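Report on one structure; see the data block that follows.
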């Protein structure tokens, strides 16, 4: 089989598979939107997609999140514009792990749920159904955040193109009551390799022309209108966060100060100073001292 016949055969096969997938597509079931403020998208073995309510939503508040005031204000402002019916951007939150990226999205949900904000969490492997999810909520009166947590792609994954299409460049415009909030440890969402630098060429004037492979990787993250970056905490910032969680768990101010050396040892053993590590230390420390702790009302895990 020559190259021309092979190309024609592959084209016919692709069109056939598109028709088969279209015939097998099952409509997403509508949930009871009054059951919760947060939902998850799931799929059965048959391929049927469905949206389920989250029964217990973490009671995270914006005030609970410390040492990320600049990032918090950007997300709060964008979300407030969205629920008010004003223009707002899709958001990509990137940076150090455990610094509050996911917690900030949940805190915004709790802050604005009374104004009609709702959240649908979609796993990476289900992003191929993103256009259908957007379509099913397009006529609802609520405002929806499509939340993709810890997002990254390997080369050629199907969800990559679906997300790219919904963010920008699709024939149909994304519904005005939907925004996409995604968190990732990768700024460009795709792995980057040293070999890709070989596709760069240099002119006599010194101009650098990026290769097409690199441009493709950057193009997805650029479709998020708002980038919010998070950075590792300093020792003082980590201790402030640990103090806050200990206080929230009912530990007395005196014991909070006494706990600081243990908090530093805990971080050293974990090799990380993050908000998540501070929260885990606070739970351990408060749990070992029930006589002086447990009177507070701590929020959900960062």
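Here are some notes:
- Sorted by Cβ neighbour density within 10 Å, fewest at the top, the residues 152, 13, 184, 103: 13, 152, 184, 103
- Over region 235-287, Cα pairs under 8 Å with separation of 6+ residues give a relative contact order of 52 percent.
- Residue-span extension gain [residue 262 to residue 234] - 0.36 nm each, minus C-alpha spacing: 8.4 nm
- Residues within the reach of a label modelled at residue 32 (point 7 angstrom out along Cα to beta-carbon, backbone nitrogen below 16 Å), restricted to region 41-85, are 51-56.
- The order of the peptides 126-135, 45-54 by mean Cβ neighbours within 10 Å, most packed first, is 126-135, 45-54.
Throughout, read-outs are computed from the coordinates displayed, never taken from laboratory work. Bear in mind that the values here come from a model prediction, so they are computed numbers and not experimental data. Counting neighbours? That spans all protein chains shown, and the Cβs are built from the backbone with ideal geometry, glycine included.
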